[in-house]
Amino acid sequence: MTHSTQCGDGFKLGDISMITPAGKIGPPMHPRSIPLNIRCLSLNIFATAILMLTLVGSIAAADKIDLGDVREKHVMIPMRDGKKLSAYLYFPAGKGPWPALFEQRYGGLQGTSTRKAAAELASEGFVVALVNFRGTHLSEGTYVGYRALQWGELQDGYDSCEWLADQDWCTGKIGTFGSSQGGYAQNYLAVTEPPHLVCQYMTDTGLSLFEEGYRIGGTTRPERFKGMAGVCRNPEDNARLLAEWFAHPHYDEYWQAEDCTRHFDKMNVPCMTIGSWYDFMNQGSIASFQGRQHQGGPNSRGKQQLVVGPWLHGRLNKGNRVGQLVYPKNAIWPVREHMVRWFNHYLKGEENGVEQDPTVRYYVMGALGEGDAPGNVWRTAKDFPPPAKPVEMFLQTDGMLSAAAPPADGGSTSYTSDPLHPMQIPGRGFPGATDARPFEEQAEVRTFTTEPLTKPVEWTGRVQAELYVSSTARDTDFIVRISDVYPDGRSILIVDYPWRARYREGFDHETLMTPGEVTKIAFPVGWMSQIFNAGHRIRVTIASTGAPLYEPNPQTGKPLTIEFPDDAVSAVNTIHHNRKHASRIIAPVPE
């Protein structure tokens, strides 16, 4: 998806959940401040309007755009239960037969850029099929998210793959591509083992919808996912699905049923995976590579490739202009050109050496605008992550961060977490590669920063947080961010992640906090590869709210609900940093 909000977040209509009153400028109102009847009416009207526009746009596929010699055709692909999925096919010039490439997504398929990109790919000698999820746009059936694509009673990905392979214009060799929603779909497809699937090409992908999509660190995102009604033929399908999710608050059999990490052994094709440092879903991209490479079937193990670069979440945005930064031109990754090379080898037998490329290529980010700064280079490796030693960086009194253990009486740092008046992180996508000071300077946000570095420091691997905390509430969230602070004061955000306290012992059950009692919360903040230059500082930022990116925790400890409750409570949260309760960041420093 070309979205910026993950797990199929290419669809940005979820932003309607935060409404600014007409004629006013300022931060959006919290959903609780919007009367329920107006909220629901707005969502239903909005979803219906979007659906009508979508259908009109699809029907208007007759809208002529120049696709060169490529021919476009709309078809309905039959599934095993008799329902049919809407698909747009793009045929190259000539007679064929050709191998086929297909992408599955819930996002619209009739945008001009989407059609032109499909035609460009088809012109390389493939039939390209863009297929909409069940129950979205013109596809028949009930929308159930990704569940119809998986290994249950319905296997829409499998059926689409085999239908394409059976057409007289197809050689019987099938490849798949796509990002985010199209990445999840490819992982689900691989588990079903369609006999004609030969290879895959994934960008910014995911494996577990509980951990990487509908939930992030145990937090819930109902306002974000209410907006998914806008892609449904029947918007009520989305409401039913949302209720189903909240009926399963923990990682139970329901969520296990759509967790690909349990089925790597059934993934059995070569796959090229692209990940992005400025994308929380990079955890899914890297885990997908690792699982397929080491636990996959015989045609998967040892046949994966991974590229991770300094990019945001997205499809064809792997350039050198990222957020507020401009990297050297060596940061550009030619997605389409490389994809064609990959598919030419595996689907056409072209001996172009792509399978001999390095197993792992990752971009080590460095300071920009500083001529002698180390970093901003590509490295290769046989596996990921490369060897590193864990180095502890301790939170200290007065907002300091250092390698020295805190003193016995090191103290603590407190702030207020008020879900009705949350701190603000605008938008629905991770704002990486931008100056984080607008968030850091808000009243209930705390920062811990090193002294200026005397020499460059590299962190490459997965950063971990280990916090000792207490709260006046029974449940709360903790958001941890890592930034590179330039000498001019800019705090360039690299990675962040939230964690809901009730899930500190695992997602399969909850353990509420005892007010006032110190407890440990440990979790991964994310993957990164950054050289902090001499003169720069490393910053850790901690807060408990950051809306609308992270929807606030009501903090009551009660079961979580779709609608924000009326009894949400404010809390005072405390980060402890003394010898007994030494809160720290554990950084991966290359050996």
(request) Report, to the nearest whole %, how much of the accessible area of the range 366-418 belongs to carbon and sulfur atoms, 1.4 Å probe, protein only. (result) 55 percent
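Can you give the extra length, in nm with one decimal, that the chain gains between D488 and R301 once fully stretched, where that is 0.36 nm per residue apart less the Cα-Cα distance?
Numbers: separation 187, 0.36 × 187 = 67.32 nm, distance 4.68 nm.
Result for the pair: 62.6 nm of gain on full extension.
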(request) State the antiparallel share, in %, of DSSP beta bridges confined to the chain, rounding to the nearest 5. (result) 70 percent
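Return a whole-number percent for the relative contact order of the chain, with Cα pairs under 8 Å and 6 or more residues apart as the contact set. Could the numbers behind the result be given before it?
Values: 1456 pairs, mean separation 82.9, N = 591.
Once normalised by length, the contact order is 14 percent.
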(request) Please give the net charge around N268, taking every other residue with its beta carbon less than 10 angstrom from that of N268, where Lys and Arg add +1 and Asp and Glu add -1. (result) +2
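Could you give the DSSP H helices of the chain that reach 27 angstrom or more along their long axis (alpha carbon positions) and whose average Kyte-Doolittle hydropathy is no lower than 1.0? All intermediate terms of the calculation are to be shown ahead of the outcome.
Details: long enough: 36-59 (34 Å, 1.70).
Result, helices passing both filters: 36-59.
Please give the net charge around I479, taking every other residue with its beta carbon less than 13 angstrom from that of I479, where Lys and Arg add +1 and Asp and Glu add -1. Walk me through the intermediate numbers first.
Details: positive: R446, R481, R500; negative: E440, E444, D477, D496, E551.
Overall, the nearby charge balance is -2.
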(request) Describe numerically, in nm with one decimal, the distance between label points set 7 Å from Cα along Cα→Cβ at E140 and at E351. (result) 4.8 nm
(request) Straight distance only, please: which lysines reach the Cα of K303 with their own Cα at less than 25 Å, same-chain residues fewer than 8 apart left out? (result) K173, K266, K318, K348, K382
(request) Run through all the Cα pairs of the range 126-233 and give the fraction in each 5 Å bin from 0, expressed as whole percent. (result) 2, 11, 20, 23, 21, 13, 6, 3, 1, 0
(request) Which order do the peptides 86-92, 525-531 take when ranked by the mean count of other beta-carbon atoms within 10 Å per residue, highest first? (result) 525-531, 86-92
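Hey, can you find the accessible area per residue of the chain for me, probe 1.4 Å, expressed in square angstrom? If you can, show how the numbers build up before the last one.
Numbers: 21900 Å² over 591 residues.
Accessible area per residue: 37 Å².
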(request) In whole Hz, with x marking every Gly and Pro, tabulate ³J(HN,Hα) for the range 528-535 from phi via Karplus 6.51 cos²θ - 1.76 cosθ + 1.60, θ = phi - 60°. (result) 7, 9, 9, 9, 7, 6, 4, x
(request) Sort 115-122, 567-574 for me by packing, meaning the mean count of neighbouring Cβ atoms within 10 Å per residue, highest on top. (result) 115-122, 567-574
(request) Show me 551-562, 254-265, 184-195, 73-84 ranked by packing, highest mean number of other Cβ atoms within 10 Å first. (result) 184-195, 551-562, 254-265, 73-84
(request) Go through T511, F523, G461 and say which Cα lies farthest out towards the positive end of the charge dipole of the chain; charges sit on Cβ, +1 for Lys and Arg, -1 for Asp and Glu. (result) G461
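Might you report the magnitude of the Cβ-based charge dipole of the range 133-244 about its Cα centre, with Lys and Arg at +1 and Asp and Glu at -1, to the nearest 20 debye?
Details: 9 positive and 15 negative charges, 89 e Å.
Rounded to the nearest 20 debye, it is 420 debye.
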(request) Ratio to report: Rg/Rh of the chain, with Cα atoms as the point set and Rh obtained by the Kirkwood method; give two decimals. (result) 0.97
(message) If you split all Cα-Cα distances of the range 234-364 into 10 Å bins from zero, what percentages do you get per bin, shortest first?
(response) 11, 31, 30, 21, 7, 0
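In debye, nearest 20, what is the charge dipole magnitude of the chain about its Cα centre with +1 on Lys and Arg Cβ and -1 on Asp and Glu Cβ, if you could check? Don't jump to the answer; show the numbers that get you there.
Numbers: 57 positive and 64 negative charges, 114 e Å.
About 540 debye.
Can you compute the charge dipole magnitude of the range 99-192 about its Cα centre, using +1 on each Lys and Arg Cβ and -1 on each Asp and Glu Cβ, nothing else charged? Give it in debye, rounded to the nearest 20. Don't jump to the answer; show the numbers that get you there.
Values: 6 positive and 10 negative charges, 69 e Å.
Dipole magnitude for the range 99-192 comes out near 340 debye.
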(request) Take the Cα pairs of the range 307-404, get the Kirkwood Rh, then feed it into Stokes-Einstein at 25 °C and 0.890 mPa s and tell me D in µm²/s. (result) 148 µm²/s
(request) Mind checking which lysines have their Cα closer than 29 Å to the Cα of K580? Skip sequence neighbours fewer than 8 apart in that chain. (result) K389, K520
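Equivalent ellipsoid semi-axes for the range 350-422, as square roots of 5 times the alpha carbon gyration tensor eigenvalues: give them largest first, rounded to whole Å. Can you show the working numbers first?
Details: eigenvalues 341, 69, 53 Å².
The three semi-axes for the range 350-422 are 41, 19, 16 Å.
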(message) I need the calculated FRET efficiency for the pair N234 and L512, taking r as the beta carbon distance and R₀ as 51 Å, to the nearest 0.05.
(response) 0.85
(message) For the range 283-342, what are Rg and Dmax over the alpha carbons, in angstrom?
(response) 13.9, 43
(request) Take the Cβ-Cβ distance between D252 and D66 as r, set R0 to 30 Å, and report the resulting FRET efficiency rounded to the nearest 0.05. (result) 0.05
(message) So for the range 433-542, averaging the separation of alpha carbon pairs under 8 Å that are six or more residues apart and normalising by length, what relative contact order in percent results?
(response) 44 percent
(message) What aspartates and glutamates does K455 reach when the alpha-carbon gap must be under 20 Å and sequence neighbours fewer than 8 apart in one chain are set aside?
(response) E370, D372, E392, D484, D488, E591
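The values are calculated or read from the model by the stated rules, or taken from the named source; none is laboratory data. Quick caveat, the model's predicted, so the values are computed rather than measured. With ideal geometry, Cβ positions are generated from the backbone for all residues, glycine too; neighbour counts draw on all protein chains shown. For accessibility, only protein heavy atoms count, side chains too; no ligands or nucleic acids. Shrake-Rupley method; radii C 1.70, N 1.55, O 1.52, S 1.80 Å.
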